[in-house]
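Colleague: Below are the structure tokens for one structure; questions will follow.
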Amino acid sequence: MRRSTRRKIIIIGVLLMTYSAITYGLPYLLLDAPFARVNATETLKERFSREYTQSLDVKYSKGSPQLSRENPSGTVLGYVTDTKIRQKLLQAQPFADCSGGCSSWQPYSEYGKTSPLLSIEQNSSPDSRNILRTATGEGGQCVARYHPKSHGDIFCLSPSTGAFAYGYDGAS
């Protein structure tokens, strides 16, 4: 094999590898890599009063890609481990800022098909769906925070098990 043929093969190979890295690797880095996502747990901690976030045992947390900062979204699922905090939480308004309005505690069914938690029902593991069903199911109570220019936040909690589900969509 001549040197020029070998060089051409090497150049074509390098170009193909570069093309593959750009085509498949870059979208992963920008959209799916954990370091490129908004931290949904931190968002929850920023929006809730501090006294309620200390006893959260987070099992699942996923935020939208950093590129979508104009309409961020995310979900956090887990358990409120402290029974006293759980009861105190259900007696209070947990959101630190209700300037756009907040609801009172009510069943998840009252929120209809506009909940930021809807997407997690299809796109998560069986364990995550279990936590979500427990938090939003029979006996579960939810509270919402509204925003004039966006969808808002919702936090649901099962008083008996402590399972919680938090979702936000397009909220700032």
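Since every read-out is calculated from the coordinates, none of them should be taken as a lab result. Fair warning: this is a prediction, and the values are worked out from it, not measured in the lab. Every residue, glycine among them, receives a Cβ derived from its backbone with ideal geometry; neighbour counts consider all protein chains shown.
Colleague: Taking 0.36 nm per residue of sequence separation and subtracting the Cα-Cα distance, how much length would be gained by fully extending the chain between Asp127 and Glu51, in nm to one decimal?
Modeller: Roughly 24.7 nm would be gained on extension.
Colleague: Let me ask something else about it. Going by the alpha-carbon gyration tensor, a ≥ b ≥ c the square roots of its eigenvalues, is the stretch 37-169 rounded (a/c under 1.5) or, if a/c is not under 1.5, prolate (a/b greater than b/c) versus oblate?
Modeller: It is rounded, given that a/c, with a ≥ b ≥ c, falls under 1.5.
Colleague: Moving to a separate point now. Give me the extension gain from Lys59 to Gln91: residue separation times 0.36 nm, minus the current Cα-Cα distance, reported in nm with one decimal.
Modeller: Roughly 9.1 nm would be gained on extension.
Colleague: Here is a follow-up. Apply 1/(1 + (r/R0)^6) to the Cβ-Cβ distance of Glu138 and Ser104, taking R0 = 22 Å, and write down the FRET efficiency to the nearest 0.05.
Modeller: 0.70
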